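The next block holds one structure in the form of C-alpha cells; read it before the comments.
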Amino acid sequence: MKVTTPAMKLDVRIDRVVTRDNLIVLEGVAGMLPCETSLTPGEVRGLLVKVLRPAVLWLALTGRKGPSGMV
C-alpha cells in the first residue's frame, strides 16, 4: 500500500491486525519506521461500506478494472 501526502510518499506494509482496547489495530511499517493505525469499529464499518462496492471488489479480486457499467 502506498500513502501519499503533500510532504512525502510512503510505502506501507500491514503485518498484523489485532484488537486492543476496543479498537482494531493495524501494525506494520511505513517507509522504514514501525507504525500502528487504530480504528474504531464504526470506522471499520464505514471503510467496509466504501470497499464493498462492485467495482472495488472486482479490482481487488481480479486485478483488472471492471466493465464500464460497474459503479
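What the table shows:
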{"read-out": "Criterion violated by T40 - all others in (1) modelled with pLDDT of 90 or more; (2) out of contact with any Gly (no Cβ under 8 Å at 6 or more places or on another chain); (3) loosely packed, with under 11 Cβ neighbours inside 10 Å satisfied", "value": "(3)"}
{"read-out": "From G42, G63, G46, residue being of a type outside the set (V, I, T) and on the phi > 0 side of the Ramachandran plot", "value": "G63"}
{"read-out": "Close pairs (6 angstrom Cβ cut-off, 6 or more residues apart or separate chains): on the phi < 0 side of the Ramachandran plot in the range 3-27, part of a loop (DSSP other than H, G, I, E, B) and modelled with pLDDT of 90 or more anywhere", "value": "L10/G31"}
{"read-out": "From the options R20, R16, R64, residue that is in the same structural domain as V3 (by TED's automatic domain parsing), over 15 Å from V3 (Cβ atoms), of a type outside the set (D, E) and loosely packed, with under 10 Cβ neighbours inside 10 Å", "value": "R16"}
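The values are calculated or read from the model by the stated rules, or taken from the named source; none is laboratory data. In this text the structure is predicted, and so the values were computed from the model without any measurement. Cβ atoms come from the backbone with ideal geometry, glycine included; neighbour counts cover every protein chain shown.
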